[in-house]
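Comments concern the structure below.
Coordinate-derived values only; no laboratory data. What you are looking at is a predicted structure, and each value in this text was computed from that prediction instead of being measured. Methodologically, a virtual Cβ is constructed for each residue, glycine included, from the backbone with ideal geometry; neighbour enumeration extends over all protein chains shown.
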Amino acid sequence: MAEALRDMPGSEFSPMPGDALGTGLFAFIIPLFIGLAAVYFLIIVKPDAILSPEQMVEFKRLEKQKELRRRGAKVGGAKQSRTSRRAKLRQKLRGGKSSSDGKD
């Protein structure tokens with residue numbers, strides 16, 4: 001039987017009976033590679049199908065940070081209101097002194 005299988009076209013790529021290395025390759029390694037590739041492409045195309053809701057929040061946050069860095073924006077830090085930014089600039093222009101009455 002094994003002789004008949006060896007003479008078939010394409011038999012150099014398929015495992016023969018009793019071929020432990022070929023059986024392991026076809027039974028574990030190739031399906032593992034195909035599964036990992038499928039998960040990778042699924043994460044790229046539709047990440048919410050793989051990730052939990054908490055992981056999706058983190059994924060979106062990291063994706064937004066990456067896009068902001070790509071555009072050249074500063075990532076992180078608390079956002080200041082217009083009033084606080086102006087007050088900080090006034091203080092810097094005055095040489096670090098703050099007014100006691102709060103008027104300009």
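Which length gain, in nm to one decimal place, applies between Ala87 and Ile30 when the Cα-Cα distance is subtracted from 0.36 nm times their residue separation?
14.2 nm
Using label points projected 7 Å from each Cα along Cα→Cβ, tell me how many nm separate Gln65 and Leu51, to one decimal.
About 1.2 nm, to one decimal.
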